[in-house]
Amino acid sequence: MKIACIGAGSWGTALALVAARNGHDVWLWARRAEAASLLHDERTNSTYLPGVPFPPNIRPTSLLGDALDGAEMVILVVPSHGIRAVLRDMLPYVGSRAVLVGAVKGIENETLMRMSDVVRDEVGDRFEPRYVVLSGPSFAAETARGEPTAIVAASENAEWSRSVQKELSSNSLRVYTNDDVVGVELGGALKNVMAIATGGVTGLGFGHNSVAAIITRGLAEMTRMAVRMGGRVETLAGLAGLGDLVLTCTGSLSRNRGVGIELGRGRPLDEILTEMREVAEGVKTTRSAYELGRRLDVELPITEAVYALLYENGNARAMADRLMGRPLKRE
């Protein structure tokens, strides 16, 4: 199978490695020609995944037409705020029978759309997208090294999700299927907001009690939102919800947790983001989730506190005090 990975950051490269090790012909698209040339010459992604060599069946390119021509599966791994523009650029080249796999975790700021809605909005006039969302607890570096990992492929069509499961599963990557696209997408997006919160209390010097409280109440918050939008409780208790939440809130490789830690130490957000090579999706997702909660009248106290921290000149100490000072209630 020809598989196109659209996006050559750490996760896009890791998924390209997974597919290539399974014997597929993988085209790895980088936006900049110089980046694609470096990937081609060095046969590794020295910027994002140094030390992990490319097998010969990974072909880096900056040309969407080359990557997409004849591709039976297209894995989208670009930041959520850029996916709409990339989809528009892809449309002249992508086949109507290709399975589109969304490995993007976020909610679009302007429209408050989930990523599957953005794909349908851009592609739907041309053909009905065969869409599968891929999510779950998975740091790119560990996946690229072949460490055991379990994720979820969710689609409204069981045939499409089973196809992704079959082509990407291996001895080191276990892919489960699910039909709850809403729950899987919201779990993957909202856990990044909670990771900023746990990072914030860690940066303040607080210990495991505080982190456990945010993870637990964060899961309740994520579940309320998902159910309100048509997702299922059990999805949020699985890999795409609790699993991804625990990983992102506790793992040292989490970019969103890292942002929160630096905010907790008193550094300004602009300075933190300027130093980052990859996107911390939770920063933009916090704004979307906050606005979505207000629109749908869903109680999101942690999201609201993180929003104040990021966008209302708040600080991590005030965030913690705000959450601890809320009226007492039943769990």
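The values are calculated or read from the model by the stated rules, or taken from the named source; none is laboratory data. Quick caveat: nothing in here was measured; it's all calculated off a predicted structure. Cβ sites come from the backbone with ideal geometry, for glycine too, and all protein chains shown count toward neighbours.
Here are the numbers:
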item	result
Wholly enclosed helices (runs of 4 or more DSSP H) of the stretch 214-331 bearing at least 2 residues of a type in the set (Asp, Glu) and surrounded by fewer than 23 Cβ atoms within 10 Å (Cβ to Cβ)	269-274
Tyr311 vs. criteria assigned by TED's automatic domain parsing to the domain that holds Arg217 and free of Cβ contacts under 8 Å to residues at least 24 places away in the same chain	no
In the stretch 151-164, residue farthest from Val246 (Cα to Cα) [restricted to those that are surrounded by 21 or more Cβ atoms within 10 Å (Cβ to Cβ) and polar (S, T, N, Q)]	Ser163
Any hit, the stretch 154-161, residues being modelled with pLDDT of 95 or more, among the aromatic types (Phe, Trp, Tyr), more than 14 Å from the chain's Cα centre (by Cα) and not assigned by TED's automatic domain parsing to the domain that holds Arg97	no
Test: residue in the stretch 189-207 that is touching a strand residue (DSSP E or B) at 6+ places or on another chain (Cβ under 6 Å) and either free of Cβ contacts under 8 Å to residues at least 60 places away in the same chain or in a helix (DSSP H, G or I) (or both)	yes
Within the stretch 92-150, considering residues that are in contact (Cβ under 8 Å) with a residue 12 or more places away in the chain and of a type in the set (Lys, Arg), the one surrounded by the most Cβ atoms within 10 Å (Cβ to Cβ)	Lys105
Looking only at the stretch 16-29, and only at residues there that are touching a helix residue (DSSP H, G or I) at 6+ places or on another chain (Cβ under 8 Å) and in contact (Cβ under 8 Å) with a residue 60 or more places away in the chain, the one that is farthest from Leu173 (Cα to Cα)	His24
